[in-house]
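Worksheet for the structure shown next.
The values are calculated or read from the model by the stated rules, or taken from the named source; none is laboratory data. Here the structure is a predicted model, which is why all the values come from computation and not from measurement. Cβ placement follows ideal geometry from the backbone for every residue including glycine, while neighbour counts extend to all protein chains displayed.
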Amino acid sequence: MNMQKNIAVIRGDGIGPEIVEQALLVLDTIAKKYGHTFHYTDVDMGGCAIDKWGDPLPEEMLEKCKNADSVLLGAVGGEKWNHVPGHMRPEKGLLRLRAGMGVYSNNRPAKIWKQLSEASPLRADIVEKGIDFIIVRELTGGIYFGEHKTEEKEGQAIATDILVYSEEEIRRIGRIGFETARKRNKKLCSVEKSNVLDSSRLWKKVMHELASEYPDVELTDMLVDNCAMQIVKNPAQFDVVVTENMFGDILSDEASMITGSIGMIPSSSMGDTKNGLYEPIHGSAPDIAGKDLANPIGTILSAAMMLLYSFDMKEEATAIENAVSEVLDEGYRTADIMSNKKNCMQIGTKEMGIRIADKL
């Protein structure tokens with residue numbers, strides 16, 4: 001079935017333009033093979049937008065993203081813009097983009113590719129059981145967005161940070177957790193600290209109310225400290241994990257490290273509509289920009305996530321993942337995932353994109 005989709009493309013800074021180029025090559029190949037049409041609208045955001053417009057995300061650029069069917073982002077930022085005033089930093093463009101698009105859920109997979117299993121810091125017997133889960137993190141509430149204050153009391157400074165969650169905030173992120181589990185292996189683990197925190201007790205209550213709407217998904221609860229241990233002890237037990245902002249921030253970084261290859265990890269940010277924001281989790285790596293060294297796979301897999309979660313193109317998304325796997329099977333590696341195995345060959349950004357597209 002031919003589908004027409006409008007994709008806003010933010011090439012960004014550093015290695016951003018190079019890795020996005022390869023993701024677009026793969027998307028064009030998918031469009032051709034499956035009879036879809038993808039229209040791309042270029043959007044300036046980050047350091048390049050500061051240089052061009054004096055603003056990390058001009059209003060008209062935000063509008064282009066809001067009007068698209070989905071947004072694909074490379075990476076933004078770099079030392080060049082570290083001296084600009086705080087409200088003008090490239091990262092502020094990203095925060096404004098998330099707020100403007102109304103995305104409140106960050107979905108980050110932790111997946112070990114069997115070809116790169118030796119890169120994991122975990123023991124081989126743990127890795128062998130498989131690592132393939134996704135962390136759904138609430139993005140716009142909790143302690144990061146509550147009131148922050150430092151006051152003097154009786155001659156000493158006292159700092160306070162307020163952690164607030166409403167039922168509705170929990171319900172909407174919970175739904176994304178259940179819907180994501182539905183597209184995977186139908187297992188959802190809700191992570192909180194209900195033995196201590198009122199906000200977590202409310203979280204648990206709302207999650208269990210939601211569970212009745214998703215009888216096909218198995219819901220379990222886990223305390224956050226135990227979850228941090230289980231991720232390194234037995235990551236194979238997880239399918240989808242849903243949690244609040246600060247816990248999700250910490251756990252998703254832990255989860256990305258156990259895979260041992262940060263250049264391979266995509267992510268999505270979603271809200272109430274199908275218009276999501278898709279980006280690799282790594283930074284803009286300005287030191288290797290323009291040298292054909294960057295790993296485009298995280299961005300290519302972000303495009304695959306876009307096909308699955310925003311466009312409901314499951315077959316196409318799976319085809320991209322399989323193509324990546326086949327290229328890795330043949331021993332091709334970018335510098336960041338290169339190992340001394342005798343059958344491994346180092347290739348550049350462009351060649352990696354071309355080889356993945358060829359497999360499609």
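Which residue out of Gly46, Gly86 is of a type outside the set (Val, Ile, Thr) and touching a residue at least 24 places away in the same chain (Cβ under 8 Å)? Can you show your working first?
On the way: Gly86 fails: touching a residue at least 24 places away in the same chain (Cβ under 8 Å).
None of the other options fit; the residue is Gly46.
Conditions tested, residue by residue: (1) assigned to a loop (DSSP other than H, G, I, E, B); (2) in contact with a Gly (Cβ under 7 Å, 6 or more places away or on another chain); (3) assigned by TED's automatic domain parsing to the domain that holds Tyr165; (4) more than 18 Å from Arg184 (Cα to Cα).
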{"site": "Val242", "(1), (2), (3), (4)": "no, yes, yes, no"}
{"site": "Asp249", "(1), (2), (3), (4)": "no, no, yes, yes"}
{"site": "Lys274", "(1), (2), (3), (4)": "yes, no, no, no"}
{"site": "Tyr278", "(1), (2), (3), (4)": "no, no, no, yes"}
{"site": "Gly290", "(1), (2), (3), (4)": "yes, no, no, yes"}
{"site": "Leu293", "(1), (2), (3), (4)": "yes, yes, no, yes"}
{"site": "Thr299", "(1), (2), (3), (4)": "no, yes, no, yes"}
{"site": "Leu307", "(1), (2), (3), (4)": "no, no, no, no"}
{"site": "Glu316", "(1), (2), (3), (4)": "no, no, no, no"}
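Checking the conditions here, which among Leu301, Leu328, Leu308 is out of contact with any Ser or Thr (no Cβ under 6 Å at 6 or more places or on another chain), at pLDDT below 95 and either surrounded by fewer than 16 Cβ atoms within 10 Å (Cβ to Cβ) or hydrophobic (A, V, I, L, M, F, W, C) (or both)? Write out each step before concluding.
Values: Leu301 fails: at pLDDT below 95; Leu328 fails: at pLDDT below 95.
That would be Leu308, the only listed residue that is out of contact with any Ser or Thr (no Cβ under 6 Å at 6 or more places or on another chain), at pLDDT below 95 and either surrounded by fewer than 16 Cβ atoms within 10 Å (Cβ to Cβ) or hydrophobic (A, V, I, L, M, F, W, C) (or both).
May I ask you to verify whether Ile50 is closer than 25 Å to Gly263 by Cβ and either at pLDDT 95 or above or in the same structural domain as Glu315 (by TED's automatic domain parsing) (or both)?
Details: closer than 25 Å to Gly263 by Cβ: no; either at pLDDT 95 or above or in the same structural domain as Glu315 (by TED's automatic domain parsing) (or both): yes.
When the stated conditions are applied, Ile50 does not pass them.
Of Ile162, Ile126, Ile135, Ile158, which residue is within 21 Å of the chain's Cα centre (by Cα) and among the aliphatic types (A, V, I, L, M)? Walk me through how you get there before you give the answer.
Values: Ile162 fails: within 21 Å of the chain's Cα centre (by Cα); Ile126 fails: within 21 Å of the chain's Cα centre (by Cα); Ile158 fails: within 21 Å of the chain's Cα centre (by Cα).
Testing whether each residue is within 21 Å of the chain's Cα centre (by Cα) and among the aliphatic types (A, V, I, L, M) leaves just Ile135.
Looking at Val136, is it surrounded by 15 or more Cβ atoms within 10 Å (Cβ to Cβ), in contact with a helix residue (DSSP H, G or I) (Cβ under 8 Å, 6 or more places away or on another chain) and under 18 Å from Gln237 (Cβ atoms)? Break it down stepwise before answering.
Details: surrounded by 15 or more Cβ atoms within 10 Å (Cβ to Cβ): yes; in contact with a helix residue (DSSP H, G or I) (Cβ under 8 Å, 6 or more places away or on another chain): yes; under 18 Å from Gln237 (Cβ atoms): yes.
Yes; evaluated as a whole, the condition is true for this residue.
Can you pull out every residue in segment 92-116 that is more than 24 Å from Ala181 (Cβ to Cβ) and outside the structural domain of Asn340 (by TED's automatic domain parsing)? Working first, answer last.
Looking only at segment 92-116, we keep the residues that are more than 24 Å from Ala181 (Cβ to Cβ), and these are 92-97, 99-100, 115-116.
Matches in segment 92-116: Gln115, Leu116.
Check every one of the helices (runs of 4 or more DSSP H) wholly within segment 119-211 and list those with 3 or more residues that are touching a residue at least 60 places away in the same chain (Cβ under 8 Å).
Numbers: elements: 124-127, 167-182, 198-211.
Counting at least 3 such residues, we get 167-182.
Quick check on segment 212-244: of everything there that is of a type in the set (Asp, Glu) and in contact (Cβ under 8 Å) with a residue 40 or more places away in the chain, which residue is farthest from Arg137 (Cα to Cα)? Working first, answer last.
Let us first name the residues in segment 212-244 that are of a type in the set (Asp, Glu), namely 213, 216, 218, 221, 225, 239, 244.
Among the residues that remain, those that are also in contact (Cβ under 8 Å) with a residue 40 or more places away in the chain are: 239, 244.
Numbers: Asp239: 14, Glu244: 6 Å.
Taking the candidates together, the pick is Asp239.
Might you check whether a residue that is assigned to a loop (DSSP other than H, G, I, E, B), under 18 Å from the mean Cα position of the chain (by Cα) and either outside the structural domain of Thr180 (by TED's automatic domain parsing) or not basic (Lys, Arg) (or both) occurs anywhere in segment 335-343? Let's see the steps before the verdict.
Narrowing segment 335-343 to residues assigned to a loop (DSSP other than H, G, I, E, B): 338-343.
Still in the list and also under 18 Å from the mean Cα position of the chain (by Cα): none.
No.
Checking Asn343 against (1) more than 12 Å from Ile19 (Cβ to Cβ); (2) at pLDDT 95 or above, which test does it fail?
Failing condition for Asn343: (2).
Give the residue that is surrounded by the fewest Cβ atoms within 10 Å (Cβ to Cβ), with candidates limited to residues of segment 77-114 that are among the small types (Gly, Ala, Ser) and over 14 Å from Gly12 (Cβ atoms). Give the derivation first.
Kept after step one, since they are among the small types (Gly, Ala, Ser), are these residues of segment 77-114: 77-78, 86, 93, 99-100, 102, 105, 110.
Checking which are over 14 Å from Gly12 (Cβ atoms) leaves us with 86, 99-100, 102, 105, 110.
Working: Gly86: 7, Ala99: 13, Gly100: 15, Gly102: 14, Ser105: 25, Ala110: 22.
Residue satisfying both the conditions and the ranking: Gly86.
Taking Glu60, is it on the phi < 0 side of the Ramachandran plot, part of a helix (DSSP H, G or I) and surrounded by 15 or more Cβ atoms within 10 Å (Cβ to Cβ)? Give the steps one after another, and end with the answer.
Values: on the phi < 0 side of the Ramachandran plot: yes; part of a helix (DSSP H, G or I): yes; surrounded by 15 or more Cβ atoms within 10 Å (Cβ to Cβ): no.
No: the conditions fail for Glu60.
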